[in-house]
Amino acid sequence: MQTCKKNLDWPLMRNNIGRADLKAVIDFLQVDIPMLTQSSQVGEFEHEWSEWLGVRYSVFVNSGSSANLATISALRETYGLGEVIVPPLTWVSDIAAVIQCGFNPVFVDINPRTLGMDTAQVLEKITAHTKAVFLTHILGYNALDQTFLDALEERKIPLIEDVCESYGATFNGRKLGTFGIMSNFSFYYAHHMSTIEGGMISTNDRDLYQTLRMLRSHGMVRESNSANLKCQYAENYSDLSPDFIFAFPAYNMRSTEINAVIGRSQLKRLDANNRVRTENLSLFLQSLDPDKYQTDFEIGGSCNYAFTLVLKRPDPVLCANVMESLRQHNVEFRRGTSGGGNQLRQPYLRKLMGETDFSKYPKIDHVHFYGFYIGNYPELEKEKILELCSILNQLAGDGAYHG
Ligand SMILES: Cc1ncc(COP(=O)(O)O)c(C=O)c1O
């Protein structure tokens, strides 16, 4: 007999751009003839973001992927080409940026408790050719540890942090995105906050900041806000108009004033929203059956916009039941967690790297086949979290002994 399943009506994200944000845009547009292309609102948003994060400089761009590309381009312009250590469990644009800029990507497996790169394996992969470690903090979990940071510093290897999925999360009480030489953020709709589309790059390094400002805007020197630097270029290239000196082969990654207005409005409630999300994640993990699902994530300092649901063991029967049950209860989910799982299995990387020995990445492959994420937004009702966990806990597995 067919039983009627309760509709939990649970999308990946809900109401991330609210009435207050739209009102801020409407108010902005009431000004006589508002300037809409990148201008003072972008500058204010960058300033407020830097204050919130605790860094000196930020550069607002049109997506998190643009932030990835600008960062890796700045790495190339500053440190030269070589190898970049990057995880196969990340968003496609992290790896694409490394490849597109001409670096050789070097991959390592993950630490299943943070879903970030296994930091001991990263250190083992460092060679004389390593130009940077480009680390992703996956779905709100901090991937850093002190031994790792100390070793990178000692070996003078730059760290770049992708914090697109984890802003607000901390390590040792300090916000992620303040440890690397540059850090990336995404304001895509499904993330902690949204500017419709958008991204940010943050840094404490004055020279990288100038490079990033120019890379965002065709590589044009006039986009720098350093009088000294502009003067030097004008002197060195006296045959060029100072308005049109292109220092780098670059991009147009600018955003608009409207996106910045939304960002400024959103930033005001980011911390309050993140506190609710953190409570929700704890409740979710505490309520799952630890015999069936992984519940030992390192949640200290975490800040997730999505729940990670990873099967404890490779159990195809439980996996199929989880997906069927989520669909029946109208709970939106993604398989494989960040970026759909193991990027080395994707056609673009297979074409480039050839067939990979996947047995070298068993932990990523487990998440690829048996991991999911589910939305965690501030309005999510606690009763729904409890109800979903109870449904998931009752699902049957293959019953095999996996010990
Ligand atoms: C880790 C990570 N990096 C980069 C990005 C790219 O951000 P965007 O979608 O804003 O281009 C994403 C997007 O989801 C992401 O999860």
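The values are calculated or read from the model by the stated rules, or taken from the named source; none is laboratory data. Everything numeric here is computed off the predicted structure, so don't read it as measured data. All Cβ positions, even for glycine, are placed from backbone atoms using ideal geometry, and neighbour counts span all protein chains on display. Heads up: the accessible areas ignore ligands, DNA and RNA and are worked out on the full protein's heavy atoms, side chains in. Shrake-Rupley method; radii C 1.70, N 1.55, O 1.52, S 1.80 Å.
Descriptive notes on the structure:
- The alpha-carbon atoms of the chain, seen along their principal axes, cover 81, 56, 38 angstrom, with the largest extent given first.
- Translational diffusion coefficient (Stokes-Einstein; Kirkwood radius from C-alpha pairs) of segment 42-105 at 20 °C, 1.002 mPa s, in µm²/s: 166
- Using 0.36 nm per residue and subtracting the Cα-Cα separation, the extra length available between V92 and D9 on full extension is 27.0 nm.
- Within the same chain, lysines fewer than 8 places from K382 are excluded, and of the rest, those with a Cα less than 21 Å from its Cα are K5, K6.
- By DSSP, the beta bridges lying fully in the chain are antiparallel in about 60 percent of cases.
- For segment 1-145, accessible area per residue (1.4 Å probe, heavy atoms of protein chains only), Å²: 42
- Over segment 207-298, the hull volume per residue, using the convex hull of the C-alpha atoms, is 174 Å³.
- Mean residue ellipticity, 222 nm, helices only, the chain: the sum of -39500 (n - 2.57) across DSSP H runs of n ≥ 4, divided by residue count and rounded to 500, is -12500 deg cm²/dmol.
- Pairwise FRET efficiency - E324 versus N236, Cβ, R0 = 51 Å, nearest 0.05: 0.20
- A Cα-only calculation for segment 1-67 places Rg and Dmax at 19.3, 65 Å.
- Choice from K268, K292, K131 showing the highest fluctuation, given a GNM over the chain with Cα pairs closer than 10 Å: K268
- Heavy-atom accessible surface of the chain: percent carbon and sulfur, 1.4 Å: 51
- With distances taken between every two different alpha-carbon atoms, segment 271-317 has a Kirkwood hydrodynamic radius of 11.5 Å.
- For segment 268-355, the solvent-accessible area with a 1.4 angstrom probe is 45 square angstrom per residue.
- Amide hydrogen proximity for F307: with H placed 1.01 Å from N in the peptide plane, the residues at 5 or more positions away or on another chain lying under 5 Å are I374, G375, N376.
- Relative to the 2.2 N^0.38 Å rule of thumb, segment 22-149 has a C-alpha radius of gyration ratio of 1.31.
- In the elastic network of the chain, a GNM with C-alpha springs shorter than 10 Å, the most mobile of S66, S166, S325 is S325.
- Under 19 Å from a label point set 7 Å out along the Cα-to-Cβ vector of K363, the amide N atoms of segment 107-133 belong to 107-126, 133.
- Based on alpha-carbon atoms, the Kirkwood radius and the radius of gyration of segment 86-172 give Rg/Rh equal to 0.93.
- Within the listed set F185, F60, F246, the residue fluctuating most in the Gaussian network model of the chain (springs between alpha-carbon atoms under 10 angstrom) is F246.
- Relative contact order of the chain, taken over Cα pairs closer than 8 Å and 6 or more residues apart, is 22 percent.
- Rg/Rh, computed from the Cα trace of segment 258-403 with Rh as the Kirkwood radius, has the value 1.02.
- Cα gyration tensor shape of segment 347-403, rounded if a/c is under 1.5, else prolate or oblate by comparing a/b with b/c: oblate
- Whole-Å distance, taken between Cα centres, linking segment 287-334 and segment 111-172: 25
- Distance histogram for segment 236-276 (every C-alpha pair counted, 10 angstrom bins, percent rounded to whole numbers): 20, 25, 21, 19, 11, 3
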